[in-house]
Structures are given as structure tokens and as C-alpha cells.
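Notes for the one structure printed next.
The values are calculated or read from the model by the stated rules, or taken from the named source; none is laboratory data. Note that this is a predicted model, so its numbers are computed, not measured. Methodologically, a virtual Cβ is constructed for each residue, glycine included, from the backbone with ideal geometry; neighbour enumeration extends over all protein chains shown.
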Amino acid sequence: MALMSGRIRLLLIVLVLCSIMSVLFALDLCFAQQKTPFALQVGFTQMEGMGKLKQIQDLFWSPAKNRLLVTDTGNNRLLFFGDSEGKFRFLSEFKSDKMALPISAVETGRGTIIVIERGAQGIISYNTETGERRGVLADGFPDASSFWPTCLALDDKDNLYVVDQGNQRIYIFDGNLTYKLHINPPEPRFTGFSAVAVAKDGNIVALEARRGIVYLFDNEGKIIRQFSKRGDLRGETEFPVDIAVDGQGRIYVLDSHRHQIVLLDRNGNWQGEIGEKGWKEGKFIFPCRVEVASDYRLFIVDADNNRLQVFIPAGRAEQ
């Protein structure tokens, strides 16, 4: 009897272990499916008619123009890409003899391009039809004398959002570039904003790179919540450098040191990961910028490979 009882206990233990292994396998399969929610559409360092890319510093998807604006800093120019004949293609180049090291750019619905030019130490606007160039945002807002802009974002009403490293703020200007308000450091240990994006509902998503924190503000600059942090657990990051937000409010956190994107919902819950370290297309070496289009296509600057990569939702790729 004792021998039979021992065998029964052993059998039960084996059955329990098998059940646990089945659950773990199912979870791993689920995570594996979530790890690649996007498929590569195209990756390139050059295209016909544009020459070779050199030190891309920023990306901006223009929903009004349905095209991607690329800040090609090393070549001192701006590039436009979009769909033509069913393919993602180079469309045109915008360049000015006076353009001086552009590092971030956005395009308004009226076709005006607003650019941070490091060589000009300020923000410049260009009329794409006439080529007119003029300096903007030199004064008319708090602490303008210590203003040091590093990146731009734009919402669907052409409100402009400027990350200011000098004052550790985000400034918001209306479509006429008139000062509206600013977002101050959210807490005493704050180390500075490094990126900003605007959700479809008007909420503002901002990144503090050094501590790996994502902040969510309402359209008046009041903090709603903060989440994410630097660490080794799922959903945490090592060194995030950029963020983007899609039409469903999902947040894409670009982790340069882990060579991937962490996908979060609007509450900061982990949804998946995109990419891994490597030289082949679909992989990254120290990516530095991410942008998402109205149709959920994902654009990533693969810095050390000097490459721009375009991804589409996996479900769409299978159609």
C-alpha cells in the first residue's frame, strides 16, 4: 500500500508539473506573438533621387499632407517620403542655402515647416511655396532668454510643442506661434524632458530619458499619471530616447541601449516589444528616433546602421 501511495503521489506531482509547463509554454507563446506586432516593410540608407542619408535627427508624420518629414542633419536638408504607386518612396527635398544644422522639424497643415536649427541657435519657419525664411519664437514667453529648444511636436490643430532643455520645460504655442502655456518640471528630482508627443485626445506624452519615466499630461499641462522606469523587468527600459503615440493612445518608447521599442497602453501596461540588436533589416543598432503614422505604420531611425526602417502592423502584412 505504501508503495502504491508513493507512486500515486509521484504521478500527481508529474501531472502538476506538466500542467505548469503547459501554462508557461502558453505564456511564452503569447509573449512571442506580442514581441513582433509589426512586420518590416522597407529599410534603406538611400533611394533613387535623394542620395545617401546622413545622421537623421528627427521624424515627423504629417497627417494633413500624408507624408513623412525626415530631418537629414548631416546633409543639411529635409526630406519628404510617402506612398506612390503602392510603394513607400522618396518624394522631394527641401533645402535652403541658409539652413544651418536642422535637428528637428514639423510641417503644419498650411504647409509651413518649423525647424530647430542648431547652427542658427533658434527656431526657423519656412514657407515651402515661396521659400521665405524667418526666425520665430525668440521672445514673448516666460524665460525666453534661457530658451534652448531640442525637439518639436505638433497636434492636429497646429499647436506647437517645444522641448526646452534650458528651462527644463515644454512650451506650447498656438497655430499662429503665440505662447499659450508651459509645463514645468513635475517633481524635484526631475532631470529634464527629452521628447514629447501628442495623443489624438489632446493629452501630452513626455519622456524623461535619464530616469526612464513617461509622463502623461492633459491639454492644460496638468499631470495625469506617470509610469515606466529604468530596470530589467518587462516593460522597463535601459535608456529610452524617444516616444511616439498612435491613434489608439498606445505609446511607443524607443530604448536605444536595448535596440528595441517597448509598446505600452495609455495606462503604462506592457503590450509588446519591437526589434532587437543586429545589422540585418528589421533589427537595430542604437536606434534614436521613432514616429507612427495615421495608418499605424512605424518609422524608426536605425542610427548606427545609418538607416531608416518602415514597419507595418503584422495583420496588415499578412493580408
Only listed residue being closer than 13 Å to L177 by Cβ and either in a strand (DSSP E or B) or out of contact with any Cys (no Cβ under 6 Å at 6 or more places or on another chain) (or both), chosen from S145, S125, S104: S125
One residue from L137, L154, L160, L177 being closer than 21 Å to G202 by Cα, over 23 Å from the mean Cα position of the chain (by Cα), of a type outside the set (F, W, Y) and crowded, with 16+ Cβ neighbours inside 10 Å: L177
Looking at the stretch 114-131 only, could you name the residues that are touching a strand residue (DSSP E or B) at 6+ places or on another chain (Cβ under 7 Å), more than 16 Å from I56 (Cβ to Cβ) and of a type outside the set (G, A, S)? I114, I123, I124, Y126, N127, T128
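Filter the stretch 257-299 down to the residues that are assigned to a loop (DSSP other than H, G, I, E, B) and within 11 Å of the chain's Cα centre (by Cα), then identify the one that is nearest to L69 (Cα to Cα). Break it down stepwise before answering.
First pass over the stretch 257-299, keeping only residues assigned to a loop (DSSP other than H, G, I, E, B): 257-259, 265-269, 275-276, 278-283, 285-288, 293-297.
The next check asks that each one be within 11 Å of the chain's Cα centre (by Cα); those that pass are 287-288, 293.
Values: P287: 17, C288: 16, A293: 11 Å.
Across the stretch 257-299, the extreme among qualifying residues is A293.
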Between a residue in the stretch 209-226 that is assigned to a loop (DSSP other than H, G, I, E, B) and any residue that is of a type in the set (S, T, Y), which pairs come within a Cβ distance under 7 Å, given they are 6 or more apart or on different chains? A209/S194; R210/T191; R211/T191; G212/S228; G212/T237
Of residues in the stretch 91-106 being in contact (Cβ under 8 Å) with a residue 40 or more places away in the chain and touching a Ser or Thr at 6+ places or on another chain (Cβ under 9 Å), the one surrounded by the fewest Cβ atoms within 10 Å (Cβ to Cβ): I103
Only one of these is under 26 Å from G43 (Cβ atoms) and free of Cβ contacts under 8 Å to residues at least 60 places away in the same chain: L152, L137, L79. Name it. L79
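Yes or no, residue by residue, for (1) at pLDDT below 95; (2) buried (at least 16 other Cβ atoms within 10 Å of the Cβ); (3) of a type in the set (F, W, Y):
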residue: V196; (1), (2), (3): no, yes, no
residue: A206; (1), (2), (3): no, yes, no
residue: V214; (1), (2), (3): no, yes, no
residue: T237; (1), (2), (3): yes, yes, no
residue: V245; (1), (2), (3): no, yes, no
residue: Y252; (1), (2), (3): no, yes, yes
residue: G272; (1), (2), (3): yes, yes, no
residue: R289; (1), (2), (3): no, yes, no
residue: R297; (1), (2), (3): no, yes, no
